[in-house]
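The values are calculated or read from the model by the stated rules, or taken from the named source; none is laboratory data. Only a predicted model underlies this, so the values are computations on that prediction, with no experimental measurement involved. Cβ sites come from the backbone with ideal geometry, for glycine too, and all protein chains shown count toward neighbours.
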Amino acid sequence: MKIIQVSVFLENKKGRIHDAVHVLGAANVNIKALTIAENEEFGVLRMVLDNPKDGVAALKKAGFVASITDIVAVEVDDRPGGLAKVLKILDENNINLEYMYAFVEKTASNAIVVFRFDDADKAINVLTENNIRILGKKDIQAF
């Protein structure tokens, strides 16, 4: 099962991250996870939101360039080697990982990691076949 990630393109200027997250807060949209990649000119703020549709609408209304991407969130054993186990399964099945980041929340004794794949459906099938729990929209909104 895929979940939605919202990406926001930001000029690399003081206060731009605040401006984006302020817009989300004012729209009553909660950020569940985020990461940012940047260079000298711009940054890409990637987020998992509790309500991505309203989040994107609010961001666009405020003049931000925002887009939606499908990602996969999985439970990973929160112990040494837990992430390596999942990455090995992906590697052995020739699944290309474009990027990843982790959630702050945990489920029971597991961590949550978000992956962006070039072939999400194949990744979901392989992970499911290897008993790796895939989280869905309802799981994410429950945190």
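What the table below lists for this structure:
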| read-out | value |
| --- | --- |
| Looking only at segment 24-37, and only at residues there that are outside any loop (DSSP other than H, G, I, E, B) and of a type in the set (Val, Ile, Thr), the one that is surrounded by the most Cβ atoms within 10 Å (Cβ to Cβ) | Ile31 |
| Matching entry among Phe103, Phe115 (being aromatic (Phe, Trp, Tyr) and farther than 20 Å from Leu24 by Cα) | Phe115 |
| Lone qualifier among Lys106, Lys138 - being basic (Lys, Arg), modelled with pLDDT under 95, surrounded by fewer than 18 Cβ atoms within 10 Å (Cβ to Cβ) and assigned to a strand (DSSP E or B) | Lys106 |
| Residue that is surrounded by the most Cβ atoms within 10 Å (Cβ to Cβ) [pool: residues in segment 46-81 that are among the charged types (D, E, K, R) and in contact (Cβ under 8 Å) with a residue 60 or more places away in the chain] | Glu75 |
| Residue within segment 38-45 that is part of a strand (DSSP E or B), in the same structural domain as Glu11 (by TED's automatic domain parsing), surrounded by 14 or more Cβ atoms within 10 Å (Cβ to Cβ) and within 15 Å of the chain's Cα centre (by Cα) present | yes |
| Conditions (1) in contact with an Asp or Glu (Cβ under 7 Å, 6 or more places away or on another chain); (2) of a type in the set (Lys, Arg); (3) assigned to a helix (DSSP H, G or I): number failed by Lys122 | (1) |
| Hits in segment 1-49 (condition: in contact with a Lys or Arg (Cβ under 7 Å, 6 or more places away or on another chain) and polar (S, T, N, Q)) | Gln5, Ser7, Thr35 |
